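Worksheet: one structure, shown below.
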Amino acid sequence: MSLIDNNSERKWIIGALFIGIIIIFIVRLFMVQVWDDKYRLSAESNSQRHVTQYPARGLVYDRNGELLVYNQAAYDLMIIPRQLEAFDTTLFAKLLDVDRERVIKKIKKASRYSTYKPSIFIKQVSAERYAQFQEYMFKFPGFFIQTRTLRHYPKPIASHVLGYVGEVNGGDIKNDPYYKSGDYIGISGIEKTFEKELRGVKGNKIFLVDVHNRIKGEFRNGELDKKAVLGKNIMTTLDAELQSYGEELMQYKIGSIVAIEPKSGEILAMISAPSYNPNQLVGRQRSANYSRLIKDKLKPLFNRALTAQYPPGSIFKLVNGLIGIDGKFISAKSHFICDKSLVGCHNHPLNTDLKTAIKHSCNPYFYQVYKRIIQQGKADSKFIDSRIGLKYWKEKVLSFGLGKRLKIDLPNVSKGSIPGVDYYDKIYGKNRWKFSTISSNAIGQGEVMVVPIQMANLAAIIANSGYYYTPHIVKKISEKPITNPEYTTKHYAQIDTSLYSIIQEGMYEVVNAEHGTARRARMDSIIVCGKTGTVQNPHGKDHSVFIAFAPRKNPKIAIVVYVEKSGFGGTWAAPIASLMIEKYINRTISSLHKKYKEKRILDYQPLRKE
């Protein structure tokens, strides 16, 4: 083959290679620019700014449609360090009410994060402050505003129920990828339990920016924007007027009030005292206010209604009385003398039956009732016999919703404690304890511990002659009634329902009969049935406790009142409960009760004396 032929062949080969490479580039260019959109979007992303659209959280109402929580506009001031130009830092600091030195530090911090990506410079600028700043904003290139909303409370009530919102932490972000740094989440109360319903869904708006990261308009006419979805509104079961009144009655006192509608389990009021103004945990002052509240020795952030645990005191005699007659250990006519050698008691007239023992709150009477329940004579050994009796007793007590967490739709609920065989075996050893060891449970002063919400529920059980609906705080979400079976199913205590009339009669006499221990709860317009309790307190004066329901026929409200370190149940807790009952049923307080009963309660301010 000649040299000329070799050169000609090489030309064809080289030419074919060039043509092939050109074809590959053309096809690839077509794929990038026309067929495969991701490359185009990737290029476009370098000229975009994504701005999160935060939805307004859902509103919260009381049972009558009164607004409890709404949103106010607030603004996050954002910074893009690359766009900054020399500006008057003194004026800037004055307009935003921050220190000039802090402004300089935050600019350096933002620059370390990124010179071209936006970051939050100042959180939660108020609408008023933003209005002042906006007039001068043209003087501060590199800053822009991102809109937020903050919670606001038109009435400073129900802080423990409503809860508060705070910035997410690392754990929140790890548990739910929906959240990003700087987002907000419900921390307590309804805000926490119904976070997903209240928060809505974030949106996203994309803007076109130039090489200096300045907005030039919408990206692709907004076709890739995602609209934010507003949070759902919630109607609670609370009666705002009753809640407000209860908080007024508990001012300068320590304790709690829980009121329930027996026929539904809906919580009408839940007061924990001392409390705090929920507006204190909103906005730029939130951190300082939270720090102050958490350090307060009176624990205003602590929800005593759901979390505080107390011995039940004499209220527990109602439970032991029901177990006693249900198991036929006693009858309604059983008579026991007030033998103070068994257990201490106050002076009162003779007990003739269970009903009058409840009226007089006789300790020795219920000592004997509990003894018959625990020592049933089923074993020769008193130790073994007591084990059999205690197992029986505990099963009955648990059926009243005691010793377990009621599945209320609020967080951080305590379960209290109902001691059983295992508990006493651990303390004393197996077959080394008997009735005399645990006899204090007879009058609610032993190892039994209850939570106020459980005692309000006990009042509802007795009002309903044996059943309860799990207490709950939310009535509707976006106008749709709650259908959770937990809140629509009757739960029965393991007691013959026909026996409750005996207990109801005894509770009637506690309030309305001569020598009843709660005469201060009596009203002419409403028949109240109740039971006092004086709870021993190892750290000072006894706690005043009272449970009640009213009216006697077709009860509309069941209630518990705890006033710590205030003495007998009939002295303070009972009259507070009667005022709450009158307020709810009559919607007002009679002039006579305002003049004497209400004034006496409002004037009692033990915390002011400390």
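Specify the residue that is nearest to A305 (Cα to Cα); the eligible residues are those in the range 174-201 that are surrounded by fewer than 17 Cβ atoms within 10 Å (Cβ to Cβ) and modelled with pLDDT of 90 or more.
Top of the filtered list is K196.
Restricting the range 421-438 to residues that are β-branched (V, I, T) and in contact with a helix residue (DSSP H, G or I) (Cβ under 7 Å, 6 or more places away or on another chain), which is surrounded by the most Cβ atoms within 10 Å (Cβ to Cβ)?
I438
When you scan the range 248-269, do you find a residue that is more than 23 Å from V545 (Cα to Cα) and surrounded by 21 or more Cβ atoms within 10 Å (Cβ to Cβ), even just one?
No, the range 248-269 has no match at all.
Residue by residue through the range 58-82, note down the ones that are more than 38 Å from the chain's Cα centre (by Cα) and surrounded by 18 or more Cβ atoms within 10 Å (Cβ to Cβ).
The answer is I80, P81.
Counting only residues that are assigned to a loop (DSSP other than H, G, I, E, B) and of a type in the set (A, V, I, L, M, F, W, C), which one in the range 175-234 is farthest from D409 (Cα to Cα)?
Among residues in the range 175-234 that are assigned to a loop (DSSP other than H, G, I, E, B) and of a type in the set (A, V, I, L, M, F, W, C), the one farthest from D409 (Cα to Cα) is V211.
Out of (1) under 20 Å from the mean Cα position of the chain (by Cα); (2) surrounded by 21 or more Cβ atoms within 10 Å (Cβ to Cβ), what's the single condition that is false for S291?
(2)
Sort out which residues of the range 114-135 are exposed (fewer than 14 other Cβ atoms within 10 Å of the Cβ) and over 11 Å from I79 (Cα atoms), and write them in order of number.
Within the range 114-135, A127, E128, A131, Q134, E135 meet the criteria.
Taking helices (runs of 4 or more DSSP H) that do not extend beyond the range 429-542, which have at least 1 residues that are touching a residue at least 24 places away in the same chain (Cβ under 8 Å) and over 29 Å from the mean Cα position of the chain (by Cα)?
Correct list: 435-438, 500-512.
Restricted to the range 327-347, and to residues that are surrounded by 15 or more Cβ atoms within 10 Å (Cβ to Cβ) and under 42 Å from the mean Cα position of the chain (by Cα), which residue is nearest to A518 (Cα to Cα)?
Among those that are surrounded by 15 or more Cβ atoms within 10 Å (Cβ to Cβ) and under 42 Å from the mean Cα position of the chain (by Cα), it is C345.
Hey, Y252 hits all of (1) among the hydroxyl-bearing types (S, T, Y); (2) in the same structural domain as S478 (by TED's automatic domain parsing); (3) under 17 Å from L59 (Cα atoms) but one; which does it fall short on?
(3)
Look through the range 41-66, keep the residues that are out of contact with any strand residue (DSSP E or B) (no Cβ under 8 Å at 6 or more places or on another chain) and in a loop (DSSP other than H, G, I, E, B), and return whichever of them is modelled with the lowest pLDDT.
It comes out as N46.
If the requirement is being touching a residue at least 24 places away in the same chain (Cβ under 8 Å), more than 18 Å from G516 (Cβ to Cβ), part of a helix (DSSP H, G or I) and touching a Phe, Trp or Tyr at 6+ places or on another chain (Cβ under 6 Å), which of these qualifies: K371, K391?
K371
If you scan the range 143-174, which residues turn out to be in a strand (DSSP E or B), in contact with a Gly (Cβ under 6 Å, 6 or more places away or on another chain) and of a type in the set (G, A, S)?
If the condition is that a residue be in a strand (DSSP E or B), in contact with a Gly (Cβ under 6 Å, 6 or more places away or on another chain) and of a type in the set (G, A, S), then no residue fits.
I'd like to verify a number: residues in the range 435-448 that are out of contact with any Lys or Arg (no Cβ under 6 Å at 6 or more places or on another chain) and over 13 Å from Y423 (Cα atoms), how many?
Selection size over the range 435-448: 8.
Do you know which residues across the range 550-572 are assigned to a loop (DSSP other than H, G, I, E, B) and among the small types (G, A, S)?
S566, G567, G569, G570
Considering only residues of the range 389-420 that are farther than 19 Å from Q309 by Cβ and touching a helix residue (DSSP H, G or I) at 6+ places or on another chain (Cβ under 9 Å), which is surrounded by the fewest Cβ atoms within 10 Å (Cβ to Cβ)?
K391
The values are calculated or read from the model by the stated rules, or taken from the named source; none is laboratory data. Bear in mind the structure is a predicted one, so any value in this text is a computation, not a measurement. Backbone-built Cβ (ideal geometry, glycine too); neighbour counts: all protein chains shown.
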